[in-house]
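Read the structure below first, then the notes.
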Amino acid sequence: GQGADQTAALIARRQRLLGPAYRLFYDSPVHLVRGEGVWLYDAQGKPYLDAYNNVVPLGHCHPAVVDAIARQAAILNTHTRYVHETVLDYAEALLATFPAGPGQVMFTCTGSEANDLALRIAQAHTGATGLIVTRFAYHGVTLSIAQASPSLGRYVTLGPTVRTVTPPDTYRQGGDGVGPALANAVQEAIADLGRQGLRPAALLVDTIFSSDGVQAAPAGFLSGAVDAVRAAGGLFIADEVQAGMGRTGQAMWGFMRHGVAPDLITMGKPLGNGHPVAGVAARPEVLEAFGRNGRYFNTFGGNPVSAAAGLAVLRAVQQEKLMENAECVGAYLQERLRTLAAKHDIIGDVRGAGLFIGVELVRDRRSREPATVEAARVVNGLRDRQVLTGSAGEHANTLKIRPPLPFSAADADRLVSALDETLAAL
Ligand code: PMP
């Protein structure tokens, strides 16, 4: 129809103007023009249930954030080399969400910049260069971080100081197995660095292993790996870009579920509810060497508008009890997905924490062969039924469900019935 023609024309224009490096979601890409709460609307006014966007923890176009951005934009926005109070209020409020006492935070615009900065800080603090990441991780776009993002593997060569470890896989290793396996893998990576005359500056992990296929349980399995890197003089960097801001339901930050205290915490996506807000938090002594030997200036990082947005997000997450909602609705959704698994053999595993859920699809429950092609068909089938999701993992066979945190039980029901229909039609 007319909508499809219009979208096709925009896709061609996009390719002509933006070049060849971008990818759109879905066989039939969606042309979205408006969002509200957990709903997105295309140019024809058709609604889509958003089960994908962790960038908007409060839901799309939350009035408190829109208002904070608009008000501050109307008063002042500058680069970040002047004194301004809002960034300090935001820093205080953000740091108060961490369990480990007085810390400091440096602001950036993206998660990539936060990870890049954390790596530089870790190298300055340890005097070492090695970096350990999981084998299908994604941590960002800067050269140093792209070279530590093996999920880009076909396009990017890993850096010479980067080592990868097999990520946890509770479905195949079992809950008791993942912690020791990860700790061993980190030990081996450290030994391998050592054979090249290198020491680890840091272990960098996404605390919910999103790109590795969503690995959330059992909470606590990270501690052996963290101990191993610390014993070798390295730091632990918790990448909270995916798991942070209450999404896991049980804690504000993913690392808290694991009972570990990171040396550096990197944050991005959900902080500004869509506005670019990101940063790195650490104890003062971790930042000391980096600050002594250099300076850091990020033109937009922590600007007055971004700080106002960040502050509004943090307040609303707390006031609207979104972490509690994530826990409650997330548990309900997992239970409904497990019930659905009784009906559809292709569902091999349902896992996650709060409103970060992975549904692993397999060809056969005994061999657990990844159902990669089928997963892509399911993601597209859900899109055709107006439910937006994505996929994750080495074989892209795990449905990634990660909706805005006000997601309700009724929204969960709608998602499950669309999935039921999609699987029945496979
Ligand atoms: N870390 C993780 C775990 C991510 O998922 C991403 C983005 N998908 C990033 C870092 C990079 O964040 P950004 O795109 O804001 O640079």
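A few points about this structure:
- On the basis of the beta-carbon distance and an R0 of 22 Å, E36 and A70 show a calculated FRET efficiency of 0.85.
- For the chain, with all protein chains in place and a probe radius of 1.4 Å, 52% of the accessible heavy-atom surface sits on carbon or sulfur.
- Ligands, DNA and RNA are left out, and with a 1.4 angstrom probe the accessible area of region 291-423 is 41 Å² per residue.
- Extension gain for the segment V83 to Q2, taken as residue separation times 0.36 nm less the Cα-Cα distance, is 24.0 nm to one decimal.
- Label-zone membership for region 246-262, site A331, 7 angstrom Cα→C-beta point, backbone N under 11 Å: 250
- Along its three principal directions, the equivalent ellipsoid of region 173-277 from the Cα gyration tensor extends over semi-axes of 25, 17, 11 Å, largest first.
- Between R363 and A376, the contour length at 0.36 nm per residue exceeds the alpha carbon distance by 3.3 nm.
- Charged side chains reduced to their Cβ positions (Lys and Arg at +1, Asp and Glu at -1) give region 131-197 a dipole of some 200 debye around its Cα centre.
- Local net charge near Y90, Cβ-Cβ under 15 Å (Lys/Arg +1, Asp/Glu -1): -1
- Prolate/oblate/rounded label for region 217-329 (Cα gyration tensor, a/c 1.5): oblate
- Radius of gyration over Kirkwood radius for region 180-239, both on Cα atoms: the Rg/Rh ratio is 0.98.
- Mean Cβ neighbour count within 10 Å, used as a protection proxy, ranking 52-61, 25-34, 399-408 highest first: 399-408, 52-61, 25-34
- Listed by number, the DSSP H helices of the chain that run 24 Å or longer by alpha-carbon position along their axis and have mean Kyte hydropathy of at least -0.5 are 175-195, 322-341.
- Once the C-beta distance of A425 and R13 is scaled by a Förster radius of 35 Å, the resulting FRET efficiency is 0.60 to the nearest 0.05.
- Whole-angstrom Cα spans of region 96-161 along principal axes, big to small: 41, 26, 19
- Once the 1.4 Å probe is applied to the protein heavy atoms, region 74-143 comes out at 48 Å² accessible per residue.
- Compactness of region 8-108 is given as radius of gyration and Dmax, 19.0, 54 Å, from Cα positions.
- Each other residue within a Cβ distance under 9 Å of G254 adds +1 if Lys or Arg and -1 if Asp or Glu, for a net charge of -1.
- For T129, neighbours were defined as the other residues whose beta-carbon sits under 12 Å from its Cβ, and their charges (Lys and Arg +1, Asp and Glu -1) total +3.
- About the Cα centre, charge dipole magnitude for region 339-425 (Lys/Arg +1, Asp/Glu -1 at Cβ), debye: 80
- Shown here is the pair-distance distribution of region 300-426: with all Cα-Cα distances grouped in 5 Å bins from zero up to the longest one, the shares run 2, 11, 19, 21, 16, 11, 8, 7, 4, 2, 0 percent.
- Relative contact order, whole percent, for region 293-413 stands at 23, derived from Cα pairs under 8 Å and 6 or more residues apart.
- Candidates R163, R71, R13, ranked by Gaussian network fluctuation over the chain, Cα under 10 Å, top entry: R13
- Amide hydrogen neighbours beyond the local backbone of G390, cut-off 5 Å, H modeled: K400
- Label zone (D192, point 7 Å along Cα-to-C-beta; backbone nitrogen cut-off 19 Å) within region 126-142: 129-139.
- Using distinct alpha-carbon pairs, which all enter the 1/r mean, Kirkwood radius of the chain in Å: 22.2
- Computed helical MRE - 222 nm, the chain, DSSP H runs ≥ 4 contributing -39500 (n - 2.57), nearest 500: -13000 deg cm²/dmol
The values are calculated or read from the model by the stated rules, or taken from the named source; none is laboratory data. If you're wondering where the values come from, they're calculated on a predicted model, not measured in any experiment. Cβ sites come from the backbone with ideal geometry, for glycine too, and all protein chains shown count toward neighbours. Heads up: the accessible areas ignore ligands, DNA and RNA and are worked out on the full protein's heavy atoms, side chains in. Shrake-Rupley method; radii C 1.70, N 1.55, O 1.52, S 1.80 Å.
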